[in-house]
1. Looking at (1) at pLDDT 85 or above; (2) among the basic types (K, R); (3) assigned to a loop (DSSP other than H, G, I, E, B), which is the only condition K32 fails?
2. Could you tell me whether any residue of the range 167-189 is assigned to a loop (DSSP other than H, G, I, E, B), basic (K, R), modelled with pLDDT under 95 and over 16 Å from the mean Cα position of the chain (by Cα)?
3. Can F123 be described as modelled with pLDDT of 95 or more and closer than 26 Å to W52 by Cβ?
4. Go through the range 78-93 and count every residue that is outside any helix (DSSP H, G or I), out of contact with any Leu (no Cβ under 7 Å at 6 or more places or on another chain) and either over 30 Å from A39 (Cα atoms) or open to solvent by 30 Å² or more (accessible area, probe 1.4 Å) (or both).
5. Of the conditions (1) touching a strand residue (DSSP E or B) at 6+ places or on another chain (Cβ under 8 Å); (2) open to solvent by 50 Å² or more (accessible area, probe 1.4 Å); (3) outside any loop (DSSP other than H, G, I, E, B), H150 fails just one. Which one is it?
6. Hey, could you check the range 116-128 for residues that are open to solvent by 20 Å² or more (accessible area, probe 1.4 Å) and of a type in the set (A, V, I, L, M, F, W, C) and say which is farthest from Q43 (Cα to Cα)?
7. Tally the residues that are out of contact with any helix residue (DSSP H, G or I) (no Cβ under 6 Å at 6 or more places or on another chain), surrounded by 10 or more Cβ atoms within 10 Å (Cβ to Cβ) and assigned to a helix (DSSP H, G or I), restricting the search to the range 48-77.
8. Determine if the range 104-115 includes at least one residue that is exposed (fewer than 15 other Cβ atoms within 10 Å of the Cβ), basic (K, R) and without any contact (Cβ under 8 Å) to a residue 60 or more places away in the chain.
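The values are calculated or read from the model by the stated rules, or taken from the named source; none is laboratory data. Everything numeric in this text was worked out from a predicted model, so none of it was measured. A quick note on method: Cβ atoms are made from the backbone with ideal geometry, for glycine too, and the neighbour counts reach across all protein chains shown. Note: areas computed on protein heavy atoms with side chains; ligands, DNA, RNA excluded. Shrake-Rupley method; radii C 1.70, N 1.55, O 1.52, S 1.80 Å.
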Amino acid sequence: MKALFPRALAALLLTLSACLIAGCGPGSASAKDTNVAMAPELQWDELIPKNWDPTKRYRNISLEALRDNDPRAIQMLDEMRAVWDNAPVNVALDGSAARLSGFVVPLDNTQGGIREFLLVPYFGACIHTPPPPANQIVHVTAADTVKGLHAMDTVKVSGILKAARYASADMGVSGYEITSASVERFVPKQPN
């Protein structure tokens with residue numbers, strides 16, 4: 001029976017690589033605008049500094065040779081998680097007005113709705129799969145409680161994007177935050 005660790009590590013590396021190469025969010029970048037209502041729509045790959053490549057170190061390792069209980073595998077996974085939790089942010093975006101679409105990972109969930117959540121670039125992140133790097137997680141505090149919002153719903157968040165670390169006990173570490181955010185359901189554009 002093959003070990004699960006190599007497949008899990010490979011899946012994490014593939015996910016990050018896809019984000020780095022293609023971007024994970026809809027929209028296109030435009031010039032900075034101080035008016036939040038007219039904020040540019042960011043793509044997820046814009047949150048990653050251009051020179052950051054956490055996969056470089058693992059490219060020449062034969063993952064299929066490692067077993068789950070192999071101390072080298074455990075050490076590599078711990079090292080990779082530390083690198084991802086400390087992933088650098090794109091400082092050029094710090095303090096800028098922005099809009100970003102993604103998936104909701106609730107941090108509070110009351111009968112009145114959700115006000116605080118993590119915004120992530122792909123379905124299942126932090127819930128069904130390990131958290132992405134910190135520069136791919138945004139800690140959002142909505143201006144008002146959003147009713148009818150559930151885990152993994154897609155939303156568009158607008159506000160001032162700040163470089164700030166937030167560590168959730170079990171959901172991951174974010175590298176950015178948007179407070180007093182405007183939150184609306186994401187509706188994909190229909191083809192003409």
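1. (1)
2. Taking the range 167-189 as the starting set, the residues that turn out to be assigned to a loop (DSSP other than H, G, I, E, B) are 169-171, 186-189.
Among the residues that remain, those that are also basic (K, R) are: 189.
The next check asks that each one be modelled with pLDDT under 95; those that pass are 189.
If we keep only those that are over 16 Å from the mean Cα position of the chain (by Cα) too, we end up with 189.
Within the range 167-189, one or more residues are assigned to a loop (DSSP other than H, G, I, E, B), basic (K, R), modelled with pLDDT under 95 and over 16 Å from the mean Cα position of the chain (by Cα).
3. no
4. Looking only at that region, the number is 2.
5. So the condition that H150 fails would be (3).
6. I127
7. 8
8. no
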